[in-house]
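Here the structure is laid out as structure tokens; the discussion comes afterwards.
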Amino acid sequence: MGGTWFLGKHIVEGALARGWEVTTFNRGRSGRDADGVSAVHGDRTNGVDLGRLAGHGPFDAVIDTSSSELPPRGVLAAATALRPAARRWVHISTVSVYEGWPHQSLADTSTLLECPADADESYGYTGEDGSPTRYGFQKAGGERAVTEVFGDAAVLLRPGVILGPGEYVGRLPWWLERAQRGGRILAPAPAEQRIQPVDVRDVARFALDQAVGSASGGFNVTHPEGIMFRGFLQACLAETGGAGAPVWADPVVLADRGVKQWTELPLWRTHAGVWAVDSSRAVAAGLRCRPIAETIRDTWRWWAADGRPVDHPRWAEHGIAPEKEAKILASL
Ligand SMILES: NC(=O)c1ccc[n+]([C@@H]2O[C@H](COP(=O)([O-])OP(=O)(O)OC[C@H]3O[C@@H](n4cnc5c(N)ncnc54)[C@H](OP(=O)(O)O)[C@@H]3O)[C@@H](O)[C@H]2O)c1
């Protein structure tokens, strides 16, 4: 479900490389279907299109990357339509489904936000400090929908932040461009803060493994070791050849100067649980995460070769304006 965009595209490429027969289902808007797939075009909010897709089965597994903007009842409808034609369902969810995210450390068994399987898009709310999120409620409802229909044959993958070649949110590309520009770089202290972004190719590989596995339930999919912010920026500088020096600014100062967490300095968020997500169940089940420096290197290679790949509204949300950054740096 999907297959032409970021994570979905890597999943398709990985499945083809394993010699699997792949069917993709999308509307044909966001990108080209890979050569070698059997492409079915349709809208997953349309029951007739879902019925047509089911007719292309049976499938050993469905991997669903395309429910990020779909209410639980939409996930329920797709899972119900495809149940007779599919053995397993691997659902791409998110760590935002947890009640405690981003304030508390999280395990795969932490309490989930409450959302019914047949909720519509109005269900849930976003708190004043940005947590919980309506997105988290909706994704939790989507998980419940898949579990109700597929039972033990449902696998729920909960990534935190996904980076890598093809990223459309613009988090790592922004830091890479900023590093390349060089000079004094406004950076969020503490430099020792560990972050846990996971490479899109590692999520894809794990999703494919789960498609032919026998596990069920939820898996946090975050980088188990992570990288310190200092190392992350050093790798961005080394890769881009930027002559820059991070200036580590206290979070209180950044907040005082109106720097928005998560977006103006991507990957920076002060809540204690953001980067405290335990992925040991996934690691025990075979999740292997490459060093984040490799993700940085390959994203830069992709970025340098392809430039901005797609227009996406989220892209515009990321990165502090150069004038604002310069003003803050001058005041430090
Ligand atoms: N990026 C992150 O850091 C992050 C973190 C945690 C979790 N996640 C989760 O990871 C998944 C991301 O997957 P992704 O990056 O591959 O892309 P995505 O944006 O979730 O999905 C896009 C794909 O779905 C298709 N699609 C969208 N709406 C459709 C519809 N109504 N009917 C049929 N197809 C439709 C698109 O093709 P068409 O437009 O051509 O139809 C495209 O192939 C999401 O579920 C997200 O919640 C992401």
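The values are calculated or read from the model by the stated rules, or taken from the named source; none is laboratory data. If you're wondering where the values come from, they're calculated on a predicted model, not measured in any experiment. When we count neighbours, we look across all protein chains shown, and the Cβ atoms used for this are built from the backbone with ideal geometry, even at glycine.
Among ALA187, ALA179, ALA204, which is in a helix (DSSP H, G or I) and more than 17 Å from TRP300 (Cα to Cα)?
ALA204
Can we say SER96 is modelled with pLDDT under 95 and within 12 Å of the ligand (Cβ to nearest atom)?
Answer is no for this residue.
Is it the case, given these coordinates, that TRP174 is surrounded by fewer than 23 Cβ atoms within 10 Å (Cβ to Cβ), in a strand (DSSP E or B) and out of contact with any Ser or Thr (no Cβ under 7 Å at 6 or more places or on another chain)?
Criteria not met by TRP174.
Determine whether TRP275 is in a helix (DSSP H, G or I) and crowded, with 18+ Cβ neighbours inside 10 Å.
Here the answer is no, as TRP275 does not meet what is asked.
Search region 1-49 for residues being crowded, with 23+ Cβ neighbours inside 10 Å and aromatic (Phe, Trp, Tyr), and hand back the single one that is nearest to the ligand (Cβ to nearest atom).
For region 1-49, the residue satisfying everything is PHE6.
Hey, can you tell me all the residues within region 130-165 that are surrounded by fewer than 21 Cβ atoms within 10 Å (Cβ to Cβ) and either within 13 Å of the ligand (Cβ to nearest atom) or free of Cβ contacts under 8 Å to residues at least 60 places away in the same chain (or both)?
THR133, ARG134, TYR135 - these are the residues of region 130-165 that are surrounded by fewer than 21 Cβ atoms within 10 Å (Cβ to Cβ) and either within 13 Å of the ligand (Cβ to nearest atom) or free of Cβ contacts under 8 Å to residues at least 60 places away in the same chain (or both).
What are the residues in region 190-210 that are surrounded by 21 or more Cβ atoms within 10 Å (Cβ to Cβ) and of a type in the set (Gly, Ala, Ser), if any?
Hits for region 190-210 are ALA204, ALA207.
Evaluate region 299-311: report whether one residue or more is surrounded by fewer than 19 Cβ atoms within 10 Å (Cβ to Cβ), in contact (Cβ under 8 Å) with a residue 60 or more places away in the chain and outside any loop (DSSP other than H, G, I, E, B).
yes
Residues are listed down the side, and each one gets a yes or a no for (1) under 21 Å from LEU287 (Cβ atoms); (2) not assigned by TED's automatic domain parsing to the domain that holds ARG314:
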site: VAL146; (1), (2): yes, yes
site: VAL149; (1), (2): no, yes
site: VAL155; (1), (2): yes, yes
site: GLY164; (1), (2): yes, yes
site: PRO188; (1), (2): no, no
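Suppose the filter is crowded, with 20+ Cβ neighbours inside 10 Å, touching a strand residue (DSSP E or B) at 6+ places or on another chain (Cβ under 7 Å) and either part of a strand (DSSP E or B) or modelled with pLDDT of 95 or more (or both); does TRP248 pass it?
no
If you check ALA282 against the conditions, is it within 24 Å of VAL90 (Cβ to Cβ) and either touching a strand residue (DSSP E or B) at 6+ places or on another chain (Cβ under 8 Å) or free of Cβ contacts under 8 Å to residues at least 60 places away in the same chain (or both)?
When the stated conditions are applied, ALA282 passes them.
Go through region 70-90 and report how many residues are of a type in the set (D, E, K, R) and under 20 Å from ALA204 (Cα atoms).
Summing the residues that are of a type in the set (D, E, K, R) and under 20 Å from ALA204 (Cα atoms) in region 70-90 gives 2.
Would you mention how many residues in region 112-145 are out of contact with any Gly (no Cβ under 8 Å at 6 or more places or on another chain), in a loop (DSSP other than H, G, I, E, B) and within 16 Å of HIS91 (Cα to Cα)?
So the count comes out to 0.
In region 31-46, is there at least one residue being over 24 Å from THR299 (Cβ atoms) and not assigned by TED's automatic domain parsing to the domain that holds GLU148?
No - not one qualifying residue is present in region 31-46.
Where residues in region 54-65 are crowded, with 23+ Cβ neighbours inside 10 Å and farther than 15 Å from GLU21 by Cα, which of them is nearest to the ligand (Cβ to nearest atom)?
This residue is THR65.
Would you mention how many residues in region 207-233 are within 16 Å of the ligand (Cβ to nearest atom) and either within 13 Å of SER279 (Cα to Cα) or in a loop (DSSP other than H, G, I, E, B) (or both)?
Residues in region 207-233 being within 16 Å of the ligand (Cβ to nearest atom) and either within 13 Å of SER279 (Cα to Cα) or in a loop (DSSP other than H, G, I, E, B) (or both): 7 in total.
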